[in-house]
Amino acid sequence: MEFSKYSGCGNDFILVDTRAHHFPSEDPEFIQRICTRCTGIGADGVILLCESEIADFKMRIFNADGSEAEMCGNGIRCLVQFIIDLGHSEDSMSIETLERIVTGSKSPKGIAIEMGSPANIQWNLDLNGQSLSILNTGVPHAVLFVEHLSGVDVIKHGREIRNDPTFAPHGTNVTFTEVLGPQHIRFCTYERGVEGETLACGTGAAAAALTYSHVMGQPSPIDVQTKSGEIIKIYFNKDLEVTMVGPADLVYSGTLIFTPKSDKIYPKR
């Protein structure tokens, strides 16, 4: 099976063109094995490029635990770059996800994704004595502001909120946000499905920027610094229709050699 590995601000994915190859998406243990670092390829998730009846392409994304997610901001930027690298020459493309159809294109500053407007918005909620906002920017996020990210135990605190009964049965991603200056924030996200902190999260960047704008009155665009240090720029209008612009880089391509009756998987670079 041919695959490529891409990184969006350190959020890394295994990409497979299933128009050319079968991928055993029904087998979560297989996904877990190839996403496991050191013994597999290693990634935060797997993205499948599929045929679509309602858009130019279809995206399916699976978390490292094998569960299927609705969408992923960094992941869809990587998918757009993957499609371009495969030879797609149109200026823009529509991509069907489980959550919505989005539009992607190449821009001078990276890959631009028109994400649409968030859903299920609840600003300034009280959860066990802490103030947070909830919004779905492709996947659900709980956004909290903190004075310094360095003082936050993202794993412990994120896991507690992610599993709070308020968000049952599916849980939520949890995005901790620090203000650096006017129109400039940074964040860390505890990602549902990864069940840990990642170096970046595109939907988290959008959720953090929109919450920052609403709570603190900041205009578009907003620079959002990821844990990897790279910047995702979030543009939005009065209807909160979001365009996300950021990097998406090919790490390497290779051939995945495996025997279905064993646990052995060999990523061949």
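Descriptive notes on the structure:
Let's see how each residue does on (1) surrounded by fewer than 22 Cβ atoms within 10 Å (Cβ to Cβ); (2) in contact (Cβ under 8 Å) with a residue 40 or more places away in the chain; (3) outside the structural domain of GLU195 (by TED's automatic domain parsing):
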site: ILE14; (1), (2), (3): no, no, yes
site: ARG37; (1), (2), (3): yes, no, yes
site: CYS50; (1), (2), (3): yes, no, yes
site: ASP56; (1), (2), (3): yes, no, yes
site: GLY66; (1), (2), (3): yes, no, yes
site: ARG77; (1), (2), (3): no, yes, yes
site: GLU96; (1), (2), (3): yes, yes, yes
site: VAL102; (1), (2), (3): no, no, yes
site: SER105; (1), (2), (3): yes, no, yes
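- The range 62-80 - residue that is in a strand (DSSP E or B) and more than 13 Å from THR198 (Cβ to Cβ) and, of those, nearest to the chain's Cα centre (by Cα): PHE62
- Of everything in the range 108-145 that is outside any strand (DSSP E or B) and in contact with an Asp or Glu (Cβ under 7 Å, 6 or more places away or on another chain), the residue that is surrounded by the most Cβ atoms within 10 Å (Cβ to Cβ) is GLY138.
- Residues of the range 173-190 that turn out to be buried (at least 24 other Cβ atoms within 10 Å of the Cβ) and either among the hydroxyl-bearing types (Ser, Thr, Tyr) or out of contact with any helix residue (DSSP H, G or I) (no Cβ under 8 Å at 6 or more places or on another chain) (or both), as a count: 4
- Tally of residues being of a type in the set (Ser, Thr, Tyr) and closer than 19 Å to ILE232 by Cα across the range 86-142: 5
- Verdict on THR243 being crowded, with 22+ Cβ neighbours inside 10 Å, β-branched (Val, Ile, Thr) and under 25 Å from LEU15 (Cα atoms): no
- Of all residues assigned to the range 242-259, at least one qualifies as being aromatic (Phe, Trp, Tyr) and closer than 29 Å to ILE84 by Cα.
- Unique residue being closer than 19 Å to GLY193 by Cα and either surrounded by fewer than 21 Cβ atoms within 10 Å (Cβ to Cβ) or touching a Ser or Thr at 6+ places or on another chain (Cβ under 7 Å) (or both) when the list is GLY10, GLY45: GLY10
- Scanning the range 179-216 for residues that are among the charged types (D, E, K, R) and under 20 Å from MET244 (Cα atoms) turns up ARG186, GLU191.
- THR18 being at pLDDT below 95 and β-branched (Val, Ile, Thr): no
- Residue tally, condition among the hydrophobic types (A, V, I, L, M, F, W, C) and under 19 Å from GLY193 (Cβ atoms), over the range 120-148: 5
The values are calculated or read from the model by the stated rules, or taken from the named source; none is laboratory data. Because the structure is a prediction, the values reported are computed rather than measured. Positions of Cβ are generated from backbone atoms using ideal geometry, with glycine treated the same way; all protein chains shown enter the neighbour counts.
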